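Written out below as structure tokens is the structure these notes cover.
The values are calculated or read from the model by the stated rules, or taken from the named source; none is laboratory data. Not measured: the values here are computed from a predicted model. When we count neighbours, we look across all protein chains shown, and the Cβ atoms used for this are built from the backbone with ideal geometry, even at glycine.
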Amino acid sequence: MSDKRNSAIKQVTRDKEEAILLKKGAVKFTDSPVLSPILGALKDDEPNKALMERNLPLDTDDAVYRTIIANTYNYMDSHDDVHLSNVFKKSLQENADPFLLHDHEFKVTAKIGKSLKAYEQEGRFLYYGYNSPLDTMALLIDAEISKAKNQSVFDEYKNHQINQHSVGMYYVKIDLAIDNQDDKEAYALYRKYLPQIGNANKVEQQGYFFAVQEAKLKEVSAVLQGSNDLTGIFDNNKSLKNQDEITKMFDYLAKNIENKEIFNNICKQYVDTFKQKQPSKDTGTVKKPSFYELMSK
């Protein structure tokens, strides 16, 4: 154990109670840079089908529709927090219609639309663009972005320029997990949750994290940049991804999935999804096979 890590663990153990009190006394804004979600399937289950079949309305001149990935769980952010599964479950039961704002400006003129549905959804880190075989859960918002609310933000969404979001929240139940056997309770939490954390290597480097078991959701905002880098957007109207991006995704899956039958099923499902959405054009000329045609062979 390095001297720096050892010193940090001792300090956070000493200041544990004060740190938790400070956390609970503040509003947290979990700003989130974009990563591209993956519309693929590693297992044929209902949660994954729900991710792929969101069935939002198509965009109109006055409104655009997006599924916002407002927060992802089992991942340590720059606040040293790990949101655990169902962290917003109780809050959503009490209020399933969080405010949809821009830049965490909590005022009437900051509204950009409305939440059609707010829910927590099981999935895998791979679905959200992170190279980990582990499961996660995400807070998703099916959103209607209104031109009448804020035309500037509306235009940004319409042109696919906004895909970074953040939640404003209050901590309700939070504990400090520490790699220190002298604190039995904190050490037990550390050992319990470490195997579930997508970026566990980062946690191990510093030796502690805050385990957030329950939080109260205040609002969801469109933002520029922030702490949790596993939040982006699902866009029903922009289903075809950049070819280089897709190629990198499948290169990663090919190297990391030992069961080739599962990998082949992923490829087939991805190809079938996009084949249904591409118009057929019979021009009578010979053309180079598309990426999707190559993948289907």
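Structure data summary
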quantity	calculated
Hits in region 103-123 - residues which are surrounded by 22 or more Cβ atoms within 10 Å (Cβ to Cβ) and either within 11 Å of the chain's Cα centre (by Cα) or assigned to a strand (DSSP E or B) (or both)	GLY113, ALA118, GLY123
Of all residues in region 63-102 being under 17 Å from the mean Cα position of the chain (by Cα) and among the charged types (D, E, K, R), the one that is farthest from GLN205 (Cα to Cα)	ARG66
Residue pairs meeting the criteria (Cβ under 7 Å; at least 6 apart or on separate chains; first within 13 Å of ASP179 (Cβ to Cβ), in region 197-208; second among the aliphatic types (A, V, I, L, M) and in a loop (DSSP other than H, G, I, E, B))	VAL203/ILE197
Some residue of region 147-160 being under 14 Å from the mean Cα position of the chain (by Cα), at pLDDT below 95 and within 16 Å of ARG66 (Cα to Cα)	no
Selected residue [assigned to a loop (DSSP other than H, G, I, E, B) and out of contact with any Asp or Glu (no Cβ under 9 Å at 6 or more places or on another chain)] from ALA148, ALA96, ALA143	ALA96
Test for TYR73: is it among the aromatic types (Phe, Trp, Tyr) and without any contact (Cβ under 8 Å) to a residue 40 or more places away in the chain	no
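Conditions (1) of a type in the set (A, V, I, L, M); (2) assigned by TED's automatic domain parsing to the domain that holds ASN163; (3) at pLDDT 90 or above; (4) closer than 23 Å to GLN213 by Cα, marked per residue:
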{"residue": "ILE9", "(1), (2), (3), (4)": "yes, yes, yes, yes"}
{"residue": "ALA41", "(1), (2), (3), (4)": "yes, yes, no, no"}
{"residue": "ALA50", "(1), (2), (3), (4)": "yes, yes, no, no"}
{"residue": "TYR65", "(1), (2), (3), (4)": "no, yes, yes, no"}
{"residue": "MET76", "(1), (2), (3), (4)": "yes, yes, yes, yes"}
{"residue": "HIS83", "(1), (2), (3), (4)": "no, yes, yes, yes"}
{"residue": "LYS111", "(1), (2), (3), (4)": "no, yes, yes, no"}
